[in-house]
Amino acid sequence: MTIANIAAKPEASHFVGGAYIEDEAGAAIDVIYPATGETIATVRSATPAIVDRALETAASAQAEWAGRTGAERGRVLRRAADIIRARNRDLSELETLDTGKPLSETLVADASSGADALEYFGNLAATLTGEHIALGGDFVYAVREPLGVCAGIGAWNYPTQIACWKAAPALACGNAMVFKPSEVTPLCTLKIAQILIEAGAPPGLFNVVQGYGDVGAALATDPRVAKVSLTGSVPTGQKVYSAAAGHMKHVTMELGGKSPILVFDDADIEDAVGGAILGNFYSSGQICSNGTRVFVQRGLHDRFVERLVERTRGAVIGDPLDEATSFGPLVSEAQLDKVLGYVDIGRAEGAEIVAGGNRIDRPGFYMEPTIFTGVTDEMTIAREEIFGPVLSVLAFDDEDEAVARANATEFGLAAGVFTRDLARAHRVIAQLQAGTCFINAYNLTPVEAPFGGVKQSGVGRENGHAAIEHYSQLKTVYVGLGPVEAPF
Ligand code: NDP
């Protein structure tokens, strides 16, 4: 791997068996800084030999790790959280170089969110128990056991957070993990692997292998892998889920969305506009749970659009390493082209652009935060996940109509409601088909709260106590204390 001028640079492409390793036989993957288009590093895709070594070392580390007490495992995870927090600035700069997200975001939302997960699941590790069931003499106990070696496969929008959200519950439960980051953002996860070793994890407990989808597929199909946790698009989720089915592996699928935000006439307009901005333009719109269909009740519609456009003009677009910047580039030229393609489709299908809509004339992959009005449910931009800074405003008249239209999608990741009428807020949320919902807030995802989707948006939950269920299994033991009564 070659890399220049990065403070916290990883030393090689992969992290396996507790150390950085290189395999020059792997295909080269250039790491592009999205703000300039420059190549800042080159990593190599994992050859089958590297994947094999990662799985072998994970299996032996897992056996040792599962033999430690929960308290001991938890201490290692909490120590890793402390190291991450102490190095937050270096890790945040690396995340910015990897993804192009502004430092003003990465300083508060990425490494720190990863640390929160390691701390939270570190604290839970010593509390994990099974159950005892009295049978009036005989009894049953059920032991909570780890699954074994888990594979984590990540998307490019939150590389550090995704790795930690998967690793923290997996390791707390006594599993090991082999993680494949997106080839677009391969750097940050290596630092997490290094920090876990510094914190006292056994070598091989958390390994990082680079590569394209074929490396992810190798993990998803390998019989040594007990569980696959993917963050990615619905089409990739379908492939990985069916590959995992071959060996009846456990899965967690954190997939895409086309989430609705419902803004009622009585909403606090500044809060609703703030929610729509957070739910569409944070991370340049590259967030799975974004509320990209903003349904606004007709009485508030025009004022809402006016304030939304005014406040969107306040975005500070620029160098992501400048902390004054609040809106950075998209992650890649390919993603920019895809998003601009959707803008063209929106225009061609008759929606009106009231803000943005253009590529920005500067190096890197920048486009303006873009707002469409006059969007109807049938339009492509209201149906497909764009994964960029494109917000669609749709007008509605009454509550039942809004709920029906919000639910008319294959996705079900998130949903939000803005209203001052709390009875209506809860009534509407109860009817919305989404796994992660917000009332008078949007896109806040504390580690304490389960996160995930319904319908095509996913299977399983990350974060909260719920994640423990997805990284452990129960062994039931019936204990007979009396004579065995057989029929013959
Ligand atoms: P992709 O689905 O393209 O890729 C996700 C990961 O899967 C990548 O590491 C990718 O590798 C890998 N992969 C691709 N094909 C296979 C395969 N056949 N077997 C195993 N692994 C494979 O998603 P993006 O990286 O483009 O991320 C954007 C998507 O992620 C959006 O749809 C977004 O909504 C979703 N997402 C969901 C989140 C959630 O929590 N619900 C959070 C963040 C994003 P490679 O990149 O090398 O092809």
Bridge orientation stat for the chain from DSSP, antiparallel percent rounded to 5, came to 45 percent
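So how strong a dipole does the range 1-82 carry about its Cα centre when Lys and Arg Cβ are +1 and Asp and Glu Cβ are -1, to the nearest 20 debye?
Numbers: 8 positive and 11 negative charges, 99 e Å.
Roughly 480 debye, rounded to the nearest 20.
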Where nothing but the Cβ of Lys and Arg (+1) and of Asp and Glu (-1) is charged, how large is the charge dipole of the chain around its Cα centre, in debye to the nearest 20?
960 debye
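Quick one: net charge around Ala126, please, counting Lys, Arg +1 and Asp, Glu -1 for every other residue with C-beta under 12 Å from its C-beta. Show your work: numbers first, answer last.
Values: positive: Arg68, Arg73, Arg75, Arg78; negative: Glu72.
Net local charge, Ala126 excluded: +3.
Counting pairs of alpha carbon atoms under 8 Å apart in space and at least six apart in sequence, what relative contact order in percent does the range 1-121 give?
Numbers: 138 pairs, mean separation 28.5, N = 121.
That works out to 24 percent.
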How large, in percent, is the carbon and sulfur part of the accessible surface of the chain at a probe radius of 1.4 Å?
53 percent
Got the relative contact order for the range 260-439 handy, in percent, Cα pairs under 8 Å and 6 or more residues apart?
28 percent
Which of Tyr442, Val390, Val403 sits closest to the plus end of the dipole of the range 375-467, meaning its Cα is farthest towards the positive end, when Lys and Arg get +1 and Asp and Glu get -1 on the C-beta?
Tyr442
Under the helix-only model (-39500 (n - 2.57) for each DSSP H run of 4 or more, divided by the residues of the chain), the mean residue ellipticity at 222 nm, to 500 deg cm²/dmol, is -12000 deg cm²/dmol
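Based on the Kirkwood radius over alpha-carbon pairs, what value in µm²/s does the Stokes-Einstein equation return for the translational diffusion coefficient of the range 106-204 at 25 °C and 0.890 mPa s? Intermediate values should be presented prior to the final figure.
Working: Rh = 14.9 Å.
After rounding, the answer is 164 µm²/s.
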Cα gyration tensor category, rounded, prolate or oblate, for the range 353-416 with a/c compared to 1.5:
prolate
Using the Cβ atoms and a cut-off under 10 Å, what net charge is assigned to the surroundings of Thr373, where Lys and Arg are +1 and Asp and Glu are -1?
-2
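Treating only the Cβ of Lys, Arg, Asp and Glu as charged (+1, +1, -1, -1), what charge dipole size does the range 258-320 show about its Cα centre? Round to the nearest 20 debye. Intermediate values should be presented prior to the final figure.
Working: 7 positive and 9 negative charges, 59 e Å.
Charge dipole, the range 258-320, about its Cα centre: 280 debye, nearest 20.
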What is the sum of charges, Lys and Arg at +1 and Asp and Glu at -1, for the other residues whose Cβ falls under 12 Å from the Cβ of Ala276?
+1
By average Cβ neighbour count within 10 Å, what is the ranking of 466-479, 415-428 from highest down?
415-428, 466-479
Pairwise label distance in nanometres, Asp302 with Arg427, each label 7 Å out on the Cα-Cβ vector
2.8 nm
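Considering only protein heavy atoms, with the full assembly of protein chains and a 1.4 angstrom probe, order Arg461, Arg53 by accessible area, largest first. Intermediate results must be reported in sequence, preceding the final value.
On the way: Arg461 55, Arg53 135 Å².
Correct descending sequence by accessible area is Arg53, Arg461.
Write down Rg/Rh for the chain, rounded to two decimals, with Rg from the C-alpha atoms and Rh from the Kirkwood relation over Cα pairs.
Details: Rg = 23.5 Å, Rh = 23.3 Å.
A ratio of 1.01.
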First check a/c for the range 260-439, with a ≥ b ≥ c the square roots of the eigenvalues of its C-alpha gyration tensor; if it is under 1.5, answer rounded, and if not, answer prolate when a/b is larger than b/c or oblate otherwise.
prolate
Helix 269-281 versus the longest principal axis of the chain: what is the Cα-based angle in degrees, 0 to 90, to the nearest 10?
60 degrees
Using a 1.4 Å probe on the protein heavy atoms only, what accessible surface does Glu385 show? Give it in Å² to the nearest 10.
40 Å²
Please report, to two decimal places, log10 I(q)/I(0) for the range 86-136 at q = 0.27, 0.28 Å⁻¹ as given by the Debye formula with identical point scatterers on the Cα atoms and no solvent.
-0.94, -0.97
Could you give the length gained on full extension between Asp398 and Arg347, defined as 0.36 nm per residue of separation minus the Cα-Cα distance, in nm?
15.7 nm
Need one value: the accessible area of Thr69 in square angstrom, 1.4 angstrom probe, rounded to the nearest 10.
70 Å²
Quickly work out the Asp322-to-Arg359 label distance, labels modelled 7 Å from Cα along the C-beta direction, and quote it in nm with one decimal.
2.2 nm
Inter-site label distance for Glu22 and Ala486 at 7 Å from Cα along Cβ, in nm
6.5 nm
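The values are calculated or read from the model by the stated rules, or taken from the named source; none is laboratory data. Being a predicted model, the structure only gives us computed values, none of them experimental. Methodologically, a virtual Cβ is constructed for each residue, glycine included, from the backbone with ideal geometry; neighbour enumeration extends over all protein chains shown. For the accessible areas, the whole protein counts, side chains as well, though only heavy atoms, and no ligand, DNA or RNA atoms are used. Shrake-Rupley method; radii C 1.70, N 1.55, O 1.52, S 1.80 Å.
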